[in-house]
Structures are given as C-alpha cells and as structure tokens.
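**Student:** What follows is a single structure, and I will ask about it in a moment.
Bear in mind that the values in this text are calculations on the coordinates, not laboratory data. Since this is a predicted model, take the numbers as computed values, not measurements. Neighbour counts are summed over all protein chains in view; Cβ atoms, including those assigned to glycine, are modelled from backbone coordinates with ideal geometry.
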Amino acid sequence: MSKISGKKEARIKEDILAILFENSPKALFTKEVADAIIRDEEFTKRLLAEMKNEGLTREITLSEKGKAYAARRRWQLTEEAFKAYQKLAHPDSLS
C-alpha cells in the first residue's frame, strides 16, 4: 500500500472542506464525502477526524430524530471554519 504525502493529504482535506461548505448547513455522511473525493471511507473518516481535532469539522452522532447512530456519522463544518471559508470563497460579499 502506498503512502500519500502530507502535501497531497492537505489538498484532499481542502477538497473535503469545499464539499462540506458547498453542502452547508446539511451534514454529510462519511460515505457521501468519500464518494465525492473518490477515496475509501476509512481514509476519509481518518481525515475528517483529524480535521475535527483541528476544529474544522464537527461530527454529528444523532439522527434528525434524536437517535444515536450505531456506526454511521455525519459531518459538517464548525461555525468558525464555515465563516473563515466563506471569507475566502466570497471576500467581496462580506463587509
């Protein structure tokens, strides 16, 4: 199995952030994110967890009905990450 460089992982994380931003405020399942970046779920889950530790993503463990997911997780940008990404994506639309 080949190792992905840190630089490539950083670019993949940027892609993940873009996908979560584009779908915000909807939270996406790990599988949906993995499909969008064309990577396997375990790799994607690891990157999402790293970004969670960095304060960029948050993990949703409850369904919309308030029941805990047994194995699945949904992800979305933290409020701080959303605002920062919004400034980068649309600098002229903010005052």
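**Student:** Once each part is reduced to its C-alpha centroid, what is the distance from the range 45-90 to the range 1-33 in angstrom?
**Tutor:** Each part's Cα centre sits 11 Å from the other's.
**Student:** List the trypsin sites (Lys or Arg not before Pro) within the chain that fall in a DSSP loop (any state other than H, G, I, E or B) and whose Cβ has at most 11 other Cβ atoms within 10 Å.
**Tutor:** Qualifying residues, ordered by number: Lys3, Lys26, Lys65, Lys67, Arg72.
**Student:** To check my understanding: the extent here is largest minus smallest coordinate of the Cα atoms along each principal axis. What are those three numbers for the chain, in Å, largest first?
**Tutor:** Between the extreme Cα coordinates on each principal axis of the chain lie 42, 40, 22 Å.
**Student:** Here's something else I'd like to know. Do you know the relative contact order of the range 6-90, to the nearest whole percent, from alpha carbon pairs under 8 angstrom that are 6+ apart?
**Tutor:** 32
**Student:** Oh, and also: Compute the distance in nm between two label points, each set 7 Å from the Cα along the Cα-to-Cβ direction, one at Lys3 and one at Thr61.
**Tutor:** For Lys3 paired with Thr61, the spin-label model returns 3.2 nm.
**Student:** Sticking with this structure for a sec: Could you work out the longest stretch of the chain that avoids the GluC sites (Glu not before Pro) located in DSSP loops with at most 12 other Cβ atoms within 10 Å?
**Tutor:** On the way: sites that count: Glu54, Glu64.
By the stated rule (loop sites, at most 12 other Cβ atoms within 10 Å), 1-53.
**Student:** Further, regarding this structure: Of Leu17, Gly66, Leu56, which is farthest along the charge dipole of the chain in the positive direction, counting Lys and Arg as +1 and Asp and Glu as -1 at C-beta?
**Tutor:** It is Gly66.
**Student:** Follow-up. Would you calculate, for the chain, the mean residue ellipticity at 222 nm contributed by helices, counting each DSSP H stretch of 4 or more residues as -39,500 (n - 2.57) and dividing by all residues, to the nearest 500?
**Tutor:** -16500 deg cm²/dmol
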